[in-house]
Amino acid sequence: MEFDSILLAFVLIGALLAFAKFLRMKIKFFQKYFIPTSLIAGLIGLLLSEDVLGRFASFLDMQVLTSGIYPEKVRDVMIDLPEIGITIIFASLFLGKKIPGV
């Protein structure tokens, strides 16, 4: 992983979250049913990925969008982010807590 790929991945995630927040504020359905911004952003990100947009573009024979809108390196970073995040969460879970003796 290179620094520019990691930075671009975080910028894309931030842009997706900002756009999802805007949608959540404007569309009452999301507010009424308490759909979180992160879920909306994740669904938008999935729709723009190689898995959905790429398959739809290949069906329509649009070669430009067959790999989605994310570069390959950014996609690799986004695949690794959940593992890193969950490791940090579980590693810091008991910080500041006294461990009972045996």
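Quick note: the coordinates plus some simple rules give every number you see, no bench work behind them. Keep in mind it's a predicted model, so treat the numbers as computed, not measured. Cβ coordinates were reconstructed from backbone atoms using ideal geometry, including for glycine residues, and neighbour counts include every protein chain displayed.
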Some residue of segment 89-97 being closer than 21 Å to Ala15 by Cβ, hydroxyl-bearing (Ser, Thr, Tyr) and assigned to a loop (DSSP other than H, G, I, E, B): no
Residue that is farthest from Ser5 (Cα to Cα), among those in segment 58-85 that are among the polar types (S, T, N, Q) and assigned to a helix (DSSP H, G or I): Ser58
Residue under evaluation Glu50, criteria (1) surrounded by fewer than 16 Cβ atoms within 10 Å (Cβ to Cβ); (2) in contact with a Gly (Cβ under 9 Å, 6 or more places away or on another chain), criterion not met: (1)
Wholly enclosed helices (runs of 4 or more DSSP H) of segment 1-57 bearing at least 2 residues hydroxyl-bearing (Ser, Thr, Tyr): 37-47
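Which one of these is loosely packed, with under 10 Cβ neighbours inside 10 Å, under 25 Å from Leu8 (Cα atoms) and within 20 Å of the chain's Cα centre (by Cα): Glu72, Glu83?
Numbers: Glu72 fails: loosely packed, with under 10 Cβ neighbours inside 10 Å.
Exactly one of Glu72, Glu83 is loosely packed, with under 10 Cβ neighbours inside 10 Å, under 25 Å from Leu8 (Cα atoms) and within 20 Å of the chain's Cα centre (by Cα), namely Glu83.
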